[in-house]
Structure formats: structure tokens, C-alpha cells
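S.K.: If you scroll down you'll find the structure; I have some questions about it.
The values are calculated or read from the model by the stated rules, or taken from the named source; none is laboratory data. As the structure is a prediction and not an experimental result, all values here were calculated from the model. Quick reminder, even Gly has a Cβ in these numbers, built from the backbone with ideal geometry, and neighbours come from all protein chains shown.
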Amino acid sequence: MFHWKKAVVIATAAVLALAGCTPADSGPEGSSGGTLTLGLLLPASTFSAQGASWANESPYMQAVYDGLLRAEPDGTIVPHLATEWSYSDDLTVLDLTLRDDVTFSDGTPFNADAAAQNLIRFRDGTSPNASFLVNLADAKAIDDTHLELTLSSPDPALLTYLTQNAGLQESPEAFDNPDVETVPVGSGPYTLNVDETVVGNSYVFDKNPDYWKSEDQHYDKLVMNVYTDSTSLLSAIQGGQVNVSTTSDNTTADQIEAAGYTLSPIENNWWGLIIGDRDGTLNPAIGDPRVRQAINYAFDRDAMLQAAADGRGTVTQQVFPTSSPSFDSALDDTYSYDAVKAKKLLAEAGYPDGFDLIMPSAAALGASNFTLIQQQLGDVGIRVTYEEVQVNDYINTIVTGKYAVTFMALQLDPTDWQLSQFELDKTATFNGFHNDDPTVQGHIATIQTGTAEEAEKAGKALNAYIVEQGWFAPWFRPELNTASDATTDVIVQVGNSYPYLWNIKPKA
């Protein structure tokens, strides 16, 4: 039986991490040329471009770095540092023409050699999204303004990746700096004010006077404050301490609107369980698809959406977004809540008395969420024991395969290829056990190299297969709301949990 009070779930995309905060000394100013104060759900994990995260950390990166390409709010790819690009006929060579008027904040000129170094460094670096460039065999400068990328195989999402952290450009002169993790040297619209920044709490940025695209500098100063939970974030909003913030708890939406803020919703994530140990490496039970199916039948998704997100969102049983040609509404009827059927499947798999399951938990992600999971699985005989981990280590436990099953919120990527490389492929970031399923890999290969018709057919088959095999237990797509005050306009971003920085502007 589902009997639970409203849970607090932290909305994240590719990452989950939180830290304390203190409000900026200066209050928000909505006029052009003033200060923009943003609320964020997590601190910057690093300011080194080669290790950069994205999603909820994208504002930090976009303040100090430029990308090779840029994505419009609807995902359309447009020029930025790269002004033109073209592929070879076999889609394994990408040629880009670069700007010749850009300088890093240390005075080093941006050129094709710098871009090539950054791409190779990201591919070989520590970013949780380093796999974005897994197909990059080489990057080399033809001359100062022409860059050639050679791929080991076609990559249908490469241009999108170059709009994100994989395309960030850092001064090569800073690569070996001892403070590379904390003092960014980019060509972006702002520079980090190290003296005024309190790491983990409040980050301050000053307008870069030499920025090449001044029309993107809507403010003289940026302040990015980190909020530990929905209560502190709501207090900051009610106190008028932020101009813009993503929100971490939909149950506070009415209070946010009552404070005079506008909510801009988008469904950019799915929430649920990653059932990652599909080969039974850590827990043999999870290697049986009947057990993974039983886990799916164990959850009352409608009640969970109401409890965790105040009913703001859409129940789902698939990780593909509605914008994908692979999305199939019929798949959302695969696992109706049925504890009896879950127990029957467990018995058929050889676990009539259930089994024990160790999962990670992090109090900062909402203790009630983990209690809810424990209750729902316990009702069908799966006895969950939690091991508490530090919230900043939570992602690492997933991407390194330390636990058979984990609670997570993952982004809804705009293309099937991008989604497969993020969470399905044997090398994907969130395939922590690197499951090498021939059926999955075959469909992914067709998405990569097939015709448009073949790729669409493969995507549909891939989606149906992972739902049937119980690779995940998605619950719902929550509304991810961005709150903006009366002085600020915001356009939300398809495929990202935080609006892109240049789309946050003073009201005219």
C-alpha cells in the first residue's frame, strides 16, 4: 500500500549534488548593466574545462567559457566560435571554420590549435561526460581558423555535444596551472571574481570588458548562490534574494508564484531507478529480467508523482522523450502497479521469499524519497538496506557501478543517439556496469550508421526492448520549473535543466 506524505525530490539532469549557501551581499537588480543573481542547486564541481559537468552546472561554465557551437532554446544548432562546418560524405571528418577575433582572458589568442587541444583534453579528461567524444580519433589545426576532426565512426550527436561541455574552450596556457580547478581562464562573457567567491556557497563573476560578443553581456555582474534544499531556496525566493532559479520541489510552486515570480515549466528529466546490474555482477537477482520487471510493477507511479512533484508532470515507463520518434505511448502501459504480479515474477525467478538489495542514499537528496523506495519495494519482498554516501559522491557510485540499483534523475536527451550514448551504450556514462547487450548494441549501431528510416525503426525497437527487459524503472517526467522575478525574462532550454545564460535578460 502506498501511504506517504509529500516527498522532496531534487530535480537534476545528469548530476545530483548540493552544498550550503549564503545570500549575496547585494540584492538582485533587474536592470541592464546591474547584477543578476541566480539560484543553483549545486556548486561547481570544477572550473577546469576538461573536467566540466553540464546540466545544473552549465551557468558556471557559460559564464567563463565559450563553446565551439551554440544551441538555441529549441535545440537548433547555430554558430558561435565556429562559424561554419561541414562533414565528409562518410560522416567521419568534420571541418570547422573558427573566428579570428577571440582572445582568452589571459591574453592568449583563440585559434584552431587551442580548440584541438581542448577537444582531445576533454576526451581524455575527468568530466562525467567525457564519453561524448568517444568517437573523436583526432583533432588538428589546418591553420589558425580551420579545425579538422577525424572520427573513428560517425557520431550523430557530435554537433550537439560541441554546444555543451565537450565544446568548451580554455586557454592552453592555463592547462598546467596549479589552480586550474578553481580559477578558470576562458574567453567567456564573464570572469570569476575569486576574492568575492565563497566556494560551495556563492560564486561572483565580473563582466569581461574584452568579450567579443557584447550583446550577450546582459549584466555587469553575476552572483550564483547555491541552496541546500527546497526550504532555503523558497526562503531566498520569498525574500527576493534571487532573480532566477530552477526549483527543487514542485510542492512549493504555489508559494513561489505567490511571491510574485513566474514559473517556466519544461519536462527535461525522468525520475526513477537505474537498474544497472543487468548481468547480476553484484546482486545475482538483478541479472534476471523477471526481477527487473517485478521492480517496475512494484511502483505506484501516479501516487509517487503526486507525492513527489505535487502532480506536476507526466507518469512514464520509458526513458525516451515525447519528442523522440522512438517514443511509444503504448509502452507506458507496460507495468501497471501490481504488487501481486511483482511477487509472482520474483517467485518465478527463484525468489519466492524476496531478496536483499543494498542501495546508496544521500540525505540531501530527500530522506523521504529513499524511505518511499524502501517501502514500495519492501511491499513485494525486496528488502532494501541503504548505505549513506556523501551527496557529492553520489554520481560516482552510479557511473562506476558500485551499486546494483540506484535512485536517479536523468536528462531527456534530444536525439536517440545522444540518449543511447548517455545511458544505454556499453560505454555510456550512466551504464555504470558497461552492460554489453548484443540487441542493444545492434540497434544503437543502426541508429549511428543507418538511413533515417532504418535509424527510426531501430530506435523504436531499442526503446521497446529496454522497457521489456527492465533496464530502468522510470516513474515520471516532472515539470522542471524555472522561477523568474518581475524584472527578468527567461527562456527555458530543451535538453538542459537550467536555462542558458544568454537567454536570461532584463525585461524591456
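S.K.: Could you tell me whether the stretch 298-314 includes any residue that is over 30 Å from Gln493 (Cα atoms), among the charged types (D, E, K, R) and without any contact (Cβ under 8 Å) to a residue 60 or more places away in the chain?
M.R.: no
S.K.: Quick check, is Met304 within 24 Å of the chain's Cα centre (by Cα), assigned by TED's automatic domain parsing to the domain that holds Val399, over 17 Å from Asn269 (Cα atoms) and of a type outside the set (Lys, Arg)?
M.R.: Answer is no for this residue.
S.K.: Any idea which residue in the stretch 454-508 is nearest to Leu234 (Cα to Cα), counting only those that are in contact with a Lys or Arg (Cβ under 8 Å, 6 or more places away or on another chain) and polar (S, T, N, Q)?
M.R.: Asn481
S.K.: Answer yes or no: is there a residue in the stretch 472-483 that is hydroxyl-bearing (Ser, Thr, Tyr), at pLDDT 95 or above and surrounded by fewer than 17 Cβ atoms within 10 Å (Cβ to Cβ).
M.R.: no
S.K.: Between Ser336, Ser324, which is surrounded by fewer than 19 Cβ atoms within 10 Å (Cβ to Cβ), outside any helix (DSSP H, G or I) and among the polar types (S, T, N, Q)?
M.R.: Testing whether each residue is surrounded by fewer than 19 Cβ atoms within 10 Å (Cβ to Cβ), outside any helix (DSSP H, G or I) and among the polar types (S, T, N, Q) leaves just Ser336.
S.K.: For the structure I just gave you, tell me whether Pro209 is out of contact with any Gly (no Cβ under 7 Å at 6 or more places or on another chain), closer than 17 Å to Asp66 by Cα, surrounded by fewer than 24 Cβ atoms within 10 Å (Cβ to Cβ) and without any contact (Cβ under 8 Å) to a residue 40 or more places away in the chain.
M.R.: yes
S.K.: State whether the residues of the stretch 148-155 include one that is modelled with pLDDT under 95, of a type outside the set (A, V, I, L, M), part of a loop (DSSP other than H, G, I, E, B) and within 21 Å of the chain's Cα centre (by Cα). Even if it seems obvious, please write down each step before you answer.
M.R.: From the stretch 148-155, those modelled with pLDDT under 95 are 153-155; that's our starting set.
Restricting the remaining residues to those that are of a type outside the set (A, V, I, L, M) gives 153-155.
The next check asks that each one be part of a loop (DSSP other than H, G, I, E, B); those that pass are 153-155.
Subset that is within 21 Å of the chain's Cα centre (by Cα): 155.
Looking for residues that are modelled with pLDDT under 95, of a type outside the set (A, V, I, L, M), part of a loop (DSSP other than H, G, I, E, B) and within 21 Å of the chain's Cα centre (by Cα), one finds at least one in the stretch 148-155, hence yes.
S.K.: Mind listing whichever residues of the stretch 245-262 are within 11 Å of Ser484 (Cα to Cα) and in a loop (DSSP other than H, G, I, E, B)?
M.R.: Thr247, Ala259, Gly260, Tyr261 - these are the residues of the stretch 245-262 that are within 11 Å of Ser484 (Cα to Cα) and in a loop (DSSP other than H, G, I, E, B).
S.K.: Based on this model, can you work out whether Pro265 counts as surrounded by fewer than 23 Cβ atoms within 10 Å (Cβ to Cβ), free of Cβ contacts under 8 Å to residues at least 60 places away in the same chain and part of a strand (DSSP E or B)?
M.R.: no
S.K.: Another one. For Phe407, indicate whether it is more than 16 Å from the chain's Cα centre (by Cα) and either closer than 19 Å to Ile295 by Cα or buried (at least 19 other Cβ atoms within 10 Å of the Cβ) (or both).
M.R.: It is false that Phe407 is more than 16 Å from the chain's Cα centre (by Cα) and either closer than 19 Å to Ile295 by Cα or buried (at least 19 other Cβ atoms within 10 Å of the Cβ) (or both).
S.K.: A further question on this structure: Report the residue count in the stretch 72-117 for those that are acidic (Asp, Glu) and either part of a strand (DSSP E or B) or touching a Lys or Arg at 6+ places or on another chain (Cβ under 6 Å) (or both).
M.R.: Residues meeting the conditions: 2.
S.K.: Which of the residues spanning the stretch 405-439 are of a type in the set (D, E, K, R), outside any helix (DSSP H, G or I) and in contact (Cβ under 8 Å) with a residue 12 or more places away in the chain?
M.R.: Passing the criteria: Asp413, Asp425, Lys426, Asp437.
S.K.: On to the next question. Would you check which residues across the stretch 447-500 are touching a strand residue (DSSP E or B) at 6+ places or on another chain (Cβ under 6 Å), among the acidic types (Asp, Glu) and under 21 Å from Thr316 (Cβ atoms) and list them?
M.R.: Across the stretch 447-500, the qualifying residue is only Glu479.
S.K.: Looking at (1) assigned to a strand (DSSP E or B); (2) more than 26 Å from Phe205 (Cα to Cα), which one does Leu159 not meet, given that it meets all the others?
M.R.: (1)
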